[in-house]
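What follows is one structure encoded as C-alpha coordinates, with my remarks underneath.
The values are calculated or read from the model by the stated rules, or taken from the named source; none is laboratory data. The structure displayed is predicted, hence computed values, not measured ones. FYI the Cβ positions are ideal-geometry reconstructions off the backbone, even for glycines, and counts take in every protein chain you see.
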Amino acid sequence: MSLAQRLALLAAGLAVALVATTTEFTLSWTESSRLADSRRQAEALAETWAVYLTRTVKTPDSATVAPLMGGWPSQHLTATSAALFAPGPRGLARVAGSDGLIVTPTLNEAAALTGRSMVVWRTPEPTPAWRIATPVGAPRPHSVLSISVSIRLLEVQARTERRRAYLVATIAAIGIWLGIWWLVRRWVGRPLSDLETAMDETQALGLKVNGRAVTTSGPEEFRRLGQRYVDLEMALAARQQELSLEERTRGLERLALAEQAGAEFAHEIGTPLNTVGGHLQLLREDLLRIPEGKHALERVETVLGQVDRLNGIVRAKLRQGSWPDLAAEPVPLVEFAHRLEQIMEPTLRAGGVTTRVRLDSRDPVVAVADPQLLEQVLVNLLKNACEAMPAGGGIELAIGARDGRAIIEVADTGPGLAPTAREALFQPFTSTKGRAGTGLGLVVSRRLARVMGGDLELVPSKVGTTWRVTLPRAASRSNGASG
(Lines give C-alpha, C1' and ligand atoms only; values in the text may rest on other atoms or scores of the structure.)
Protein backbone atom coordinates (compact mmCIF):
# COMPACT_ATOMS: atom_id res chain seq x y z
CA MET A 1 0.00 0.00 0.00
CA SER A 2 1.41 3.35 -1.02
CA LEU A 3 1.98 6.31 1.29
CA ALA A 4 -0.87 8.23 -0.34
CA GLN A 5 -3.26 5.33 0.27
CA ARG A 6 -2.15 4.96 3.88
CA LEU A 7 -2.58 8.69 4.48
CA ALA A 8 -6.02 8.58 2.85
CA LEU A 9 -7.08 5.64 5.03
CA LEU A 10 -5.72 7.32 8.14
CA ALA A 11 -7.55 10.52 7.27
CA ALA A 12 -10.74 8.57 6.57
CA GLY A 13 -10.49 6.79 9.92
CA LEU A 14 -9.93 10.08 11.70
CA ALA A 15 -12.83 11.65 9.78
CA VAL A 16 -15.18 8.77 10.68
CA ALA A 17 -14.10 8.90 14.33
CA LEU A 18 -14.51 12.69 14.44
CA VAL A 19 -17.91 12.64 12.73
CA ALA A 20 -19.15 9.73 14.88
CA THR A 21 -17.93 11.36 18.10
CA THR A 22 -19.42 14.71 17.17
CA THR A 23 -22.72 13.12 16.14
CA GLU A 24 -22.94 11.03 19.31
CA PHE A 25 -22.13 14.04 21.48
CA THR A 26 -24.73 16.18 19.72
CA LEU A 27 -27.42 13.52 19.88
CA SER A 28 -26.73 12.76 23.56
CA TRP A 29 -26.78 16.44 24.37
CA THR A 30 -30.07 16.95 22.50
CA GLU A 31 -31.64 13.90 24.11
CA SER A 32 -30.55 15.00 27.56
CA SER A 33 -31.91 18.48 26.94
CA ARG A 34 -35.29 17.12 25.85
CA LEU A 35 -35.50 14.78 28.80
CA ALA A 36 -34.60 17.62 31.15
CA ASP A 37 -37.30 19.81 29.56
CA SER A 38 -39.89 17.05 29.87
CA ARG A 39 -38.94 16.54 33.53
CA ARG A 40 -39.29 20.24 34.31
CA GLN A 41 -42.69 20.33 32.63
CA ALA A 42 -43.75 17.18 34.53
CA GLU A 43 -42.60 18.71 37.82
CA ALA A 44 -44.50 21.92 37.04
CA LEU A 45 -47.64 19.90 36.23
CA ALA A 46 -47.35 17.90 39.46
CA GLU A 47 -46.77 21.02 41.53
CA THR A 48 -49.74 22.82 39.92
CA TRP A 49 -52.13 19.91 40.59
CA ALA A 50 -50.83 19.50 44.11
CA VAL A 51 -51.63 23.15 44.86
CA TYR A 52 -55.04 22.75 43.21
CA LEU A 53 -55.88 19.65 45.24
CA THR A 54 -54.56 21.23 48.43
CA ARG A 55 -57.02 24.07 48.02
CA THR A 56 -59.92 21.85 46.94
CA VAL A 57 -59.61 18.67 48.95
CA LYS A 58 -59.75 18.94 52.72
CA THR A 59 -60.17 15.23 53.38
CA PRO A 60 -58.99 12.57 50.94
CA ASP A 61 -62.20 10.68 50.22
CA SER A 62 -63.12 9.07 46.94
CA ALA A 63 -66.38 10.96 46.53
CA THR A 64 -64.62 14.30 46.60
CA VAL A 65 -61.48 13.43 44.72
CA ALA A 66 -62.88 11.23 41.90
CA PRO A 67 -64.71 14.07 40.08
CA LEU A 68 -61.59 16.23 40.26
CA MET A 69 -59.34 13.51 38.91
CA GLY A 70 -61.81 12.92 36.06
CA GLY A 71 -60.70 16.23 34.60
CA TRP A 72 -57.04 15.22 34.55
CA PRO A 73 -55.43 16.39 31.27
CA SER A 74 -54.35 12.92 30.13
CA GLN A 75 -52.96 14.22 26.83
CA HIS A 76 -50.91 17.05 28.35
CA LEU A 77 -47.32 16.84 27.18
CA THR A 78 -47.45 13.15 26.29
CA ALA A 79 -49.49 10.28 27.70
CA THR A 80 -49.96 11.06 31.40
CA SER A 81 -51.88 9.61 34.32
CA ALA A 82 -52.40 10.51 37.96
CA ALA A 83 -53.58 8.98 41.24
CA LEU A 84 -54.06 10.20 44.81
CA PHE A 85 -52.98 8.04 47.71
CA ALA A 86 -53.89 8.52 51.37
CA PRO A 87 -52.65 6.79 54.53
CA GLY A 88 -54.74 3.81 55.66
CA PRO A 89 -54.59 0.93 58.13
CA ARG A 90 -52.23 -0.98 55.85
CA GLY A 91 -50.22 1.93 54.47
CA LEU A 92 -51.00 4.12 51.51
CA ALA A 93 -54.22 3.33 49.66
CA ARG A 94 -55.46 4.57 46.34
CA VAL A 95 -58.22 7.18 46.73
CA ALA A 96 -58.91 8.01 43.08
CA GLY A 97 -57.11 8.31 39.77
CA SER A 98 -57.39 9.50 36.20
CA ASP A 99 -57.21 5.92 34.91
CA GLY A 100 -56.21 2.48 36.07
CA LEU A 101 -52.51 2.76 35.24
CA ILE A 102 -51.30 3.85 38.67
CA VAL A 103 -52.83 1.44 41.15
CA THR A 104 -50.20 0.47 43.66
CA PRO A 105 -48.08 3.05 45.48
CA THR A 106 -44.33 2.69 45.78
CA LEU A 107 -41.86 3.57 48.47
CA ASN A 108 -41.26 6.91 46.73
CA GLU A 109 -44.88 8.03 47.45
CA ALA A 110 -44.42 7.14 51.11
CA ALA A 111 -41.08 9.00 51.17
CA ALA A 112 -42.67 12.09 49.60
CA LEU A 113 -45.51 12.05 52.20
CA THR A 114 -43.17 11.47 55.10
CA GLY A 115 -40.56 13.95 53.92
CA ARG A 116 -43.18 16.54 52.80
CA SER A 117 -41.24 17.11 49.58
CA MET A 118 -41.45 16.17 45.92
CA VAL A 119 -39.74 12.95 44.81
CA VAL A 120 -38.88 12.42 41.11
CA TRP A 121 -37.71 9.17 39.49
CA ARG A 122 -37.62 7.55 36.08
CA THR A 123 -39.11 4.19 35.19
CA PRO A 124 -37.35 2.03 32.56
CA GLU A 125 -38.72 0.03 29.62
CA PRO A 126 -41.27 -1.25 28.75
CA THR A 127 -43.08 1.85 30.09
CA PRO A 128 -40.45 4.61 30.23
CA ALA A 129 -41.85 7.62 32.10
CA TRP A 130 -41.14 10.32 34.65
CA ARG A 131 -42.79 9.49 37.98
CA ILE A 132 -43.40 12.29 40.46
CA ALA A 133 -44.77 12.02 43.95
CA THR A 134 -45.72 15.27 45.75
CA PRO A 135 -47.54 15.76 49.09
CA VAL A 136 -51.05 17.28 49.14
CA GLY A 137 -52.51 19.26 52.01
CA ALA A 138 -51.43 22.12 54.25
CA PRO A 139 -50.03 22.73 56.69
CA ARG A 140 -49.80 18.98 57.24
CA PRO A 141 -50.03 16.71 54.16
CA HIS A 142 -52.98 14.35 54.28
CA SER A 143 -52.29 12.54 50.98
CA VAL A 144 -49.78 12.21 48.16
CA LEU A 145 -50.30 12.85 44.45
CA SER A 146 -48.51 10.45 42.10
CA ILE A 147 -48.32 11.23 38.41
CA SER A 148 -46.69 9.48 35.45
CA VAL A 149 -45.53 11.34 32.32
CA SER A 150 -44.61 8.96 29.49
CA ILE A 151 -41.36 9.63 27.60
CA ARG A 152 -41.75 6.79 25.11
CA LEU A 153 -42.32 9.19 22.21
CA LEU A 154 -39.16 11.10 23.16
CA GLU A 155 -37.12 7.89 23.14
CA VAL A 156 -38.64 6.75 19.83
CA GLN A 157 -37.91 10.17 18.38
CA ALA A 158 -34.34 10.03 19.73
CA ARG A 159 -33.75 6.62 18.15
CA THR A 160 -35.14 7.81 14.82
CA GLU A 161 -32.95 10.92 14.89
CA ARG A 162 -29.94 8.81 15.84
CA ARG A 163 -30.41 6.51 12.84
CA ARG A 164 -30.84 9.46 10.50
CA ALA A 165 -27.89 11.31 11.99
CA TYR A 166 -25.60 8.30 11.67
CA LEU A 167 -26.71 7.77 8.08
CA VAL A 168 -25.89 11.39 7.26
CA ALA A 169 -22.62 11.11 9.23
CA THR A 170 -21.63 7.98 7.29
CA ILE A 171 -22.32 9.70 3.97
CA ALA A 172 -20.36 12.74 5.15
CA ALA A 173 -17.44 10.56 6.28
CA ILE A 174 -17.38 8.80 2.90
CA GLY A 175 -17.41 12.18 1.16
CA ILE A 176 -14.60 13.43 3.38
CA TRP A 177 -12.59 10.27 2.72
CA LEU A 178 -13.02 10.60 -1.05
CA GLY A 179 -12.04 14.26 -0.92
CA ILE A 180 -8.99 13.58 1.23
CA TRP A 181 -8.00 10.62 -0.94
CA TRP A 182 -8.17 12.79 -4.07
CA LEU A 183 -6.21 15.63 -2.46
CA VAL A 184 -3.57 13.29 -0.99
CA ARG A 185 -3.20 11.54 -4.34
CA ARG A 186 -2.79 14.88 -6.10
CA TRP A 187 -0.61 16.65 -3.52
CA VAL A 188 1.40 13.69 -2.18
CA GLY A 189 1.04 10.63 -4.40
CA ARG A 190 1.81 12.31 -7.73
CA PRO A 191 4.89 14.27 -6.52
CA LEU A 192 6.28 11.16 -4.82
CA SER A 193 5.67 9.15 -7.98
CA ASP A 194 7.51 11.80 -10.04
CA LEU A 195 10.41 11.75 -7.59
CA GLU A 196 10.53 7.96 -7.63
CA THR A 197 10.51 7.97 -11.44
CA ALA A 198 13.40 10.44 -11.48
CA MET A 199 15.37 8.22 -9.09
CA ASP A 200 14.67 5.15 -11.23
CA GLU A 201 15.85 7.01 -14.34
CA THR A 202 19.01 8.09 -12.55
CA GLN A 203 19.68 4.51 -11.44
CA ALA A 204 18.96 3.08 -14.90
CA LEU A 205 20.89 5.64 -16.96
CA GLY A 206 23.69 6.32 -14.52
CA LEU A 207 24.51 9.47 -12.59
CA LYS A 208 24.33 12.52 -14.83
CA VAL A 209 24.00 16.26 -14.33
CA ASN A 210 20.90 17.54 -16.10
CA GLY A 211 19.77 20.37 -13.83
CA ARG A 212 16.07 19.68 -14.41
CA ALA A 213 13.36 19.78 -11.77
CA VAL A 214 12.00 16.30 -11.15
CA THR A 215 8.58 17.43 -9.89
CA THR A 216 6.27 20.01 -11.42
CA SER A 217 3.10 19.13 -9.45
CA GLY A 218 2.10 19.17 -5.84
CA PRO A 219 2.67 21.75 -3.10
CA GLU A 220 5.74 23.90 -2.72
CA GLU A 221 7.34 21.50 -0.22
CA PHE A 222 7.52 18.69 -2.79
CA ARG A 223 8.83 21.02 -5.49
CA ARG A 224 11.58 22.07 -3.12
CA LEU A 225 12.27 18.41 -2.32
CA GLY A 226 12.54 17.69 -6.05
CA GLN A 227 14.97 20.55 -6.52
CA ARG A 228 17.02 19.38 -3.54
CA TYR A 229 17.21 15.95 -5.17
CA VAL A 230 18.49 17.58 -8.37
CA ASP A 231 21.08 19.49 -6.34
CA LEU A 232 22.10 16.23 -4.63
CA GLU A 233 22.33 14.48 -8.00
CA MET A 234 24.55 17.25 -9.37
CA ALA A 235 26.73 17.22 -6.23
CA LEU A 236 27.12 13.45 -6.42
CA ALA A 237 28.00 13.67 -10.11
CA ALA A 238 30.59 16.34 -9.39
CA ARG A 239 31.98 14.30 -6.51
CA GLN A 240 32.08 11.19 -8.68
CA GLN A 241 34.02 13.10 -11.32
CA GLU A 242 36.35 14.46 -8.67
CA LEU A 243 36.95 10.98 -7.26
CA SER A 244 37.65 9.76 -10.77
CA LEU A 245 40.27 12.47 -11.16
CA GLU A 246 41.76 11.59 -7.79
CA GLU A 247 41.97 7.94 -8.81
CA ARG A 248 43.62 8.94 -12.06
CA THR A 249 46.08 11.11 -10.11
CA ARG A 250 46.94 8.22 -7.82
CA GLY A 251 47.46 6.05 -10.91
CA LEU A 252 49.87 8.56 -12.40
CA GLU A 253 51.66 8.87 -9.09
CA ARG A 254 52.00 5.10 -8.92
CA LEU A 255 53.28 5.19 -12.50
CA ALA A 256 55.84 7.83 -11.59
CA LEU A 257 56.83 5.80 -8.55
CA ALA A 258 57.21 2.68 -10.66
CA GLU A 259 59.20 4.64 -13.24
CA GLN A 260 61.47 6.04 -10.56
CA ALA A 261 61.92 2.62 -8.94
CA GLY A 262 62.43 1.04 -12.37
CA ALA A 263 65.09 3.56 -13.28
CA GLU A 264 66.89 2.93 -10.00
CA PHE A 265 66.54 -0.83 -10.47
CA ALA A 266 67.80 -0.65 -14.04
CA HIS A 267 70.73 1.44 -12.91
CA GLU A 268 71.56 -0.85 -10.02
CA ILE A 269 71.29 -4.11 -11.94
CA GLY A 270 72.48 -2.82 -15.30
CA THR A 271 76.02 -2.04 -14.22
CA PRO A 272 76.72 -5.51 -12.76
CA LEU A 273 75.12 -7.18 -15.79
CA ASN A 274 77.24 -5.12 -18.16
CA THR A 275 80.33 -5.96 -16.15
CA VAL A 276 79.48 -9.68 -16.13
CA GLY A 277 78.72 -9.59 -19.85
CA GLY A 278 81.98 -7.78 -20.63
CA HIS A 279 84.11 -10.22 -18.67
CA LEU A 280 82.33 -13.19 -20.24
CA GLN A 281 83.10 -11.80 -23.70
CA LEU A 282 86.77 -11.44 -22.73
CA LEU A 283 86.73 -14.96 -21.35
CA ARG A 284 85.25 -16.22 -24.64
CA GLU A 285 88.04 -14.53 -26.59
CA ASP A 286 90.63 -16.16 -24.29
CA LEU A 287 89.06 -19.55 -24.78
CA LEU A 288 89.12 -19.15 -28.55
CA ARG A 289 92.92 -19.09 -28.36
CA ILE A 290 93.03 -22.42 -26.51
CA PRO A 291 92.40 -25.47 -28.71
CA GLU A 292 91.20 -27.68 -25.85
CA GLY A 293 88.81 -24.97 -24.56
CA LYS A 294 85.98 -25.85 -26.90
CA HIS A 295 83.80 -27.37 -24.17
CA ALA A 296 84.34 -24.41 -21.80
CA LEU A 297 83.58 -22.04 -24.69
CA GLU A 298 80.13 -23.61 -25.09
CA ARG A 299 79.43 -23.02 -21.43
CA VAL A 300 80.49 -19.37 -21.70
CA GLU A 301 78.23 -18.91 -24.74
CA THR A 302 75.32 -20.34 -22.70
CA VAL A 303 75.96 -17.94 -19.80
CA LEU A 304 76.23 -14.96 -22.20
CA GLY A 305 72.89 -15.91 -23.72
CA GLN A 306 71.25 -15.93 -20.30
CA VAL A 307 72.78 -12.54 -19.46
CA ASP A 308 71.36 -11.09 -22.70
CA ARG A 309 68.01 -12.66 -21.86
CA LEU A 310 68.10 -11.09 -18.40
CA ASN A 311 68.81 -7.66 -19.95
CA GLY A 312 65.87 -8.13 -22.29
CA ILE A 313 63.53 -9.02 -19.41
CA VAL A 314 64.56 -5.91 -17.47
CA ARG A 315 63.99 -3.61 -20.51
CA ALA A 316 60.59 -5.21 -21.24
CA LYS A 317 59.38 -4.80 -17.67
CA LEU A 318 60.46 -1.17 -17.64
CA ARG A 319 58.53 -0.53 -20.87
CA GLN A 320 55.28 -1.96 -19.47
CA GLY A 321 54.50 1.21 -17.50
CA SER A 322 53.80 4.07 -19.91
CA TRP A 323 52.27 7.56 -19.62
CA PRO A 324 48.94 8.47 -21.26
CA ASP A 325 49.03 9.34 -24.94
CA LEU A 326 48.60 13.02 -25.75
CA ALA A 327 45.26 14.04 -27.37
CA ALA A 328 45.68 17.79 -27.85
CA GLU A 329 42.76 20.00 -28.89
CA PRO A 330 41.68 23.67 -28.50
CA VAL A 331 40.59 24.33 -24.91
CA PRO A 332 38.81 27.64 -23.99
CA LEU A 333 40.45 28.30 -20.65
CA VAL A 334 37.71 30.45 -19.03
CA GLU A 335 35.01 27.84 -19.68
CA PHE A 336 37.47 25.15 -18.61
CA ALA A 337 38.13 26.97 -15.31
CA HIS A 338 34.42 27.30 -14.56
CA ARG A 339 33.97 23.59 -15.19
CA LEU A 340 36.78 22.88 -12.74
CA GLU A 341 34.91 24.93 -10.13
CA GLN A 342 31.88 22.68 -10.60
CA ILE A 343 34.00 19.53 -10.38
CA MET A 344 35.74 20.68 -7.19
CA GLU A 345 32.62 22.20 -5.60
CA PRO A 346 32.14 19.49 -2.89
CA THR A 347 35.77 19.71 -1.75
CA LEU A 348 35.79 23.52 -1.90
CA ARG A 349 32.53 23.82 0.02
CA ALA A 350 33.63 21.29 2.66
CA GLY A 351 36.84 23.26 3.24
CA GLY A 352 35.15 26.68 3.29
CA VAL A 353 37.15 27.78 0.24
CA THR A 354 35.78 30.24 -2.33
CA THR A 355 37.01 30.53 -5.93
CA ARG A 356 37.08 33.27 -8.54
CA VAL A 357 37.96 33.17 -12.24
CA ARG A 358 39.64 36.27 -13.66
CA LEU A 359 40.39 36.97 -17.32
CA ASP A 360 43.53 39.10 -17.78
CA SER A 361 43.21 39.27 -21.56
CA ARG A 362 40.98 41.43 -23.75
CA ASP A 363 40.32 38.43 -25.98
CA PRO A 364 39.30 34.87 -25.16
CA VAL A 365 42.25 32.64 -24.36
CA VAL A 366 42.25 29.22 -26.07
CA ALA A 367 45.06 26.80 -25.33
CA VAL A 368 46.16 23.70 -27.20
CA ALA A 369 46.15 20.92 -24.63
CA ASP A 370 44.80 17.54 -23.68
CA PRO A 371 41.69 18.34 -21.57
CA GLN A 372 42.13 15.28 -19.36
CA LEU A 373 45.79 15.91 -18.65
CA LEU A 374 45.18 19.63 -18.07
CA GLU A 375 42.33 18.75 -15.73
CA GLN A 376 44.71 16.46 -13.87
CA VAL A 377 47.26 19.24 -13.41
CA LEU A 378 44.79 21.90 -12.23
CA VAL A 379 42.85 19.58 -9.93
CA ASN A 380 46.11 18.66 -8.20
CA LEU A 381 46.96 22.35 -7.75
CA LEU A 382 43.47 23.15 -6.42
CA LYS A 383 43.59 20.26 -3.96
CA ASN A 384 47.00 21.36 -2.72
CA ALA A 385 45.61 24.90 -2.23
CA CYS A 386 42.60 23.57 -0.26
CA GLU A 387 44.83 21.44 1.96
CA ALA A 388 47.04 24.46 2.62
CA MET A 389 44.01 26.39 3.97
CA PRO A 390 42.31 24.09 6.54
CA ALA A 391 40.46 27.06 8.07
CA GLY A 392 39.12 28.23 4.70
CA GLY A 393 40.24 30.92 2.30
CA GLY A 394 40.12 31.94 -1.32
CA ILE A 395 41.53 30.68 -4.62
CA GLU A 396 41.82 32.77 -7.78
CA LEU A 397 42.27 31.32 -11.27
CA ALA A 398 43.75 34.00 -13.51
CA ILE A 399 43.58 33.39 -17.28
CA GLY A 400 45.88 35.31 -19.58
CA ALA A 401 48.30 35.13 -22.47
CA ARG A 402 51.88 36.29 -23.02
CA ASP A 403 54.37 35.83 -25.86
CA GLY A 404 52.04 33.53 -27.75
CA ARG A 405 51.53 31.28 -24.74
CA ALA A 406 48.33 30.66 -22.76
CA ILE A 407 48.67 31.08 -19.00
CA ILE A 408 46.66 29.82 -16.05
CA GLU A 409 47.69 31.00 -12.58
CA VAL A 410 46.31 29.34 -9.44
CA ALA A 411 46.76 31.63 -6.43
CA ASP A 412 45.59 30.90 -2.88
CA THR A 413 45.45 32.95 0.33
CA GLY A 414 47.20 30.32 2.44
CA PRO A 415 50.38 30.63 4.49
CA GLY A 416 52.65 30.03 1.50
CA LEU A 417 55.61 27.68 1.14
CA ALA A 418 58.48 27.54 3.59
CA PRO A 419 61.99 28.25 2.19
CA THR A 420 63.00 24.63 2.71
CA ALA A 421 59.96 23.48 0.74
CA ARG A 422 60.79 25.90 -2.09
CA GLU A 423 64.28 24.44 -2.36
CA ALA A 424 62.91 20.88 -2.67
CA LEU A 425 60.23 21.66 -5.27
CA PHE A 426 59.68 19.02 -7.97
CA GLN A 427 61.93 16.54 -6.20
CA PRO A 428 60.37 13.07 -6.02
CA PHE A 429 59.20 11.81 -2.63
CA THR A 430 59.46 15.27 -1.05
CA SER A 431 56.18 16.41 0.56
CA THR A 432 55.01 19.00 3.10
CA LYS A 433 51.95 16.81 3.98
CA GLY A 434 53.86 14.26 6.01
CA ARG A 435 52.58 10.71 5.69
CA ALA A 436 49.47 11.94 3.84
CA GLY A 437 51.52 12.89 0.77
CA THR A 438 53.54 10.85 -1.70
CA GLY A 439 55.79 13.66 -2.86
CA LEU A 440 54.91 12.95 -6.51
CA GLY A 441 51.96 15.31 -7.14
CA LEU A 442 53.99 18.26 -8.39
CA VAL A 443 56.40 15.96 -10.20
CA VAL A 444 53.55 14.36 -12.13
CA SER A 445 51.85 17.72 -12.76
CA ARG A 446 54.97 19.31 -14.22
CA ARG A 447 55.64 16.27 -16.36
CA LEU A 448 52.08 16.37 -17.74
CA ALA A 449 52.39 20.08 -18.43
CA ARG A 450 55.63 19.49 -20.33
CA VAL A 451 54.09 16.56 -22.24
CA MET A 452 51.51 19.09 -23.52
CA GLY A 453 54.27 21.47 -24.60
CA GLY A 454 54.01 23.75 -21.59
CA ASP A 455 55.43 23.99 -18.10
CA LEU A 456 54.56 24.36 -14.42
CA GLU A 457 56.40 26.81 -12.20
CA LEU A 458 56.10 28.60 -8.86
CA VAL A 459 55.49 32.36 -9.14
CA PRO A 460 56.70 34.66 -6.32
CA SER A 461 53.77 36.23 -4.46
CA LYS A 462 53.33 38.38 -1.35
CA VAL A 463 50.37 36.35 -0.05
CA GLY A 464 49.89 32.61 -0.24
CA THR A 465 51.19 30.48 -3.09
CA THR A 466 50.84 31.07 -6.82
CA TRP A 467 51.41 28.40 -9.49
CA ARG A 468 51.63 29.20 -13.19
CA VAL A 469 50.78 26.71 -15.92
CA THR A 470 51.87 27.73 -19.41
CA LEU A 471 50.54 26.04 -22.55
CA PRO A 472 50.71 26.55 -26.29
CA ARG A 473 48.07 29.02 -27.44
CA ALA A 474 45.71 28.18 -30.29
CA ALA A 475 46.13 30.24 -33.43
CA SER A 476 43.50 33.01 -33.76
CA ARG A 477 43.02 36.45 -35.25
CA SER A 478 43.93 38.03 -31.94
CA ASN A 479 46.93 35.84 -31.31
CA GLY A 480 49.11 38.80 -30.72
CA ALA A 481 47.15 39.98 -27.71
CA SER A 482 48.90 39.71 -24.36
CA GLY A 483 47.48 39.62 -20.91
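Taken over the range 382-399, the criterion of being more than 19 Å from GLN342 (Cβ to Cβ) and assigned to a strand (DSSP E or B) is satisfied by GLY393 alone. Which of the following residues is over 30 Å from VAL156 (Cβ atoms), loosely packed, with under 11 Cβ neighbours inside 10 Å and in contact with a Pro (Cβ under 9 Å, 6 or more places away or on another chain): GLY91, GLY115? After ruling out the rest, the residue left standing is GLY91. The single residue among THR430, THR413 that is of a type outside the set (Lys, Arg), at pLDDT below 85 and surrounded by 15 or more Cβ atoms within 10 Å (Cβ to Cβ) turns out to be THR430. Residues VAL368, VAL357: which one is in contact with a His (Cβ under 7 Å, 6 or more places away or on another chain) and not in a helix (DSSP H, G or I)? Selected residue: VAL357, the only one of VAL368, VAL357 that is in contact with a His (Cβ under 7 Å, 6 or more places away or on another chain) and not in a helix (DSSP H, G or I). I'd like the full set of residues that are of a type in the set (Ser, Thr, Tyr) and farther than 18 Å from ILE174 by Cβ, limited to the range 4-40. Result: THR26, SER28, THR30, SER32, SER33, SER38. The condition of being crowded, with 21+ Cβ neighbours inside 10 Å and in contact with a Phe, Trp or Tyr (Cβ under 6 Å, 6 or more places away or on another chain) does not hold for LEU373. So in the range 90-121, with the set limited to residues that are in a strand (DSSP E or B) and free of Cβ contacts under 8 Å to residues at least 24 places away in the same chain, which one is farthest from VAL144 (Cα to Cα)? Top of the filtered list is TRP121.
Residue check: ILE343 meets all listed conditions (1) within 27 Å of ARG362 (Cα to Cα); (2) modelled with pLDDT of 80 or more but one, namely (2).
Listed here are the residues, each with its yes/no results for (1) closer than 18 Å to ARG40 by Cβ; (2) surrounded by fewer than 16 Cβ atoms within 10 Å (Cβ to Cβ); (3) not polar (S, T, N, Q).
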| site | (1), (2), (3) |
| --- | --- |
| ALA66 | no, yes, yes |
| ALA96 | no, no, yes |
| PRO124 | no, yes, yes |
| PRO135 | no, no, yes |
| PRO139 | no, yes, yes |
| SER148 | yes, no, no |
| GLU161 | no, yes, yes |
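None of THR170, THR160 is outside any strand (DSSP E or B), modelled with pLDDT of 85 or more, over 27 Å from TRP49 (Cβ atoms) and not hydrophobic (A, V, I, L, M, F, W, C) except THR160.
Summed over the range 348-388, the residues that are β-branched (Val, Ile, Thr) and either within 19 Å of THR465 (Cα to Cα) or without any contact (Cβ under 8 Å) to a residue 24 or more places away in the chain (or both) give a count of 6.
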